[in-house]
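All remarks here apply to the structure that follows.
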Amino acid sequence: MTSTRDQRTVLADTSPDVDQGIGFDLAAYLTDRRLLVEAALESSIKVIHPETVYEAMRYSLLAGGKRLRPILCLATCELMGGTIDMAMPTACALEMIHTMSLIHDDLPAMDNDDYRRGKLTNHKVFGEDVAILAGDGLLAYAFEFVVTQTQGVPAEQLLQVIARMGRAVGAAGLVGGQVVDLACEGKTDVSLEMLNFIHTHKTAALLEASVVSGAILAGASETDVQRLTHYAENIGLAFQIVDDVLDITATQEELGKTAGKDLLAKKVTYPSFWGVEESRQRARQLTDAAKAEVAPYGEKGIPLAAIADFITTRTH
Ligand code: GRG
């Protein structure tokens, strides 16, 4: 019979089967956390009337994915002395927000994609009208879910988390990044500064909110929140650089979405500034900077350091 540990390793959705030293098995850790998150997401939304929109919300929310944002939220909460239970509603809410941003990003009015997470995109299955509403439904429900489902966290901390999440979603975050990204479409004179603006808002903002929310839920000090914010800024940018590289080097099967789209759309990306090799190198430098931020936590900081490594070595 296969042991639980073997099953976990087989299930691991990670390419590098890294043992990060001191017996830390990243693949097993990510699988454990991913399965916990999947279970919580599965029970987070029931299909009731009007069924179509609930089905559309569940279709994309339960379509897989790395579950990186919830995993980061759980990890920082635990690092700061909190529990998984304390952070799970926020972790799910972050995945709801991420999923809604993918649904809207894939719409014909935006990136116009047919595949996401290895499946047809939401609007391809449910139509544009329902896909927009499913995204809206997920966004609103994310905030309701944090407030109604979180237990054992003082209201003051919960308010801070909600404020952080709201900021990450709005014009100061995802929406702002997407607007500038759309405005840059078809332009060849996009500066590196503009590209950084797009991705610190579109990609890094939600990763930062994920890291910081977990810490706030556990009652972290301002110093720790600052340190973890710096960690998140570094992994956020590294994540996007790797995403741009993978768009060139990975296959559609590996990515679960159309590959080579940036080149086809003549989109300005990090590799278009630096080339693939230098982009990889810069991502590694950012990862090292992120790991330096969590080094003072010693053994307790290993999961976050390992996740930073995973971000640069991932293949999808
Ligand atoms: C948030 C109100 C609101 C609207 C959405 C469309 C939009 C505004 C923003 C676009 C945000 C976006 C799609 C950013 C890209 C982020 C990114 C790199 C996604 C891929 O994340 P992974 O690799 O995906 O973690 P999985 O599938 O593994 O979860």
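The values are calculated or read from the model by the stated rules, or taken from the named source; none is laboratory data. As the structure is a prediction and not an experimental result, all values here were calculated from the model. All Cβ positions, even for glycine, are placed from backbone atoms using ideal geometry, and neighbour counts span all protein chains on display. Areas reflect the complete protein model, heavy atoms only, side chains present, ligands, DNA and RNA absent. Shrake-Rupley method; radii C 1.70, N 1.55, O 1.52, S 1.80 Å.
Of note:
- Residues of segment 101-116 satisfying the condition of being open to solvent by less than 50 Å² (accessible area, probe 1.4 Å) and within 6 Å of the ligand (Cβ to nearest atom): Ser101, Leu102, His104, Asp105
- Segment 142-188, residues that are surrounded by fewer than 17 Cβ atoms within 10 Å (Cβ to Cβ) and among the charged types (D, E, K, R): Glu144, Glu156, Arg167, Glu185, Lys187
- Wholly within segment 228-308, helices (runs of 4 or more DSSP H) carrying at least 3 residues that are open to solvent by less than 10 Å² (accessible area, probe 1.4 Å) and of a type outside the set (Val, Ile, Thr): 270-294
- Filtered residues of segment 31-64 (kept if more than 18 Å from the chain's Cα centre (by Cα) and hydrophobic (A, V, I, L, M, F, W, C)): Ile45, Val47, Ile48, Val53, Ala56
- Sole residue being touching a Phe, Trp or Tyr at 6+ places or on another chain (Cβ under 6 Å) and of a type in the set (A, V, I, L, M), chosen from Ile198, Ile216, Ile241: Ile241
- A search for C-beta distances below 8 Å between a residue of segment 71-86 that is free of Cβ contacts under 8 Å to residues at least 60 places away in the same chain and any residue that is open to solvent by 10 Å² or more (accessible area, probe 1.4 Å) and of a type in the set (D, E, K, R), counting only pairs 6+ apart in sequence or on different chains, returns Ile84/Glu78.
- Looking only at segment 117-135, and only at residues there that are open to solvent by less than 70 Å² (accessible area, probe 1.4 Å) and of a type outside the set (A, V, I, L, M, F, W, C), the one that is nearest to Ala168 (Cα to Cα): Gly135
- Residue match in segment 208-219 (condition: open to solvent by 20 Å² or more (accessible area, probe 1.4 Å) and in a helix (DSSP H, G or I)): yes
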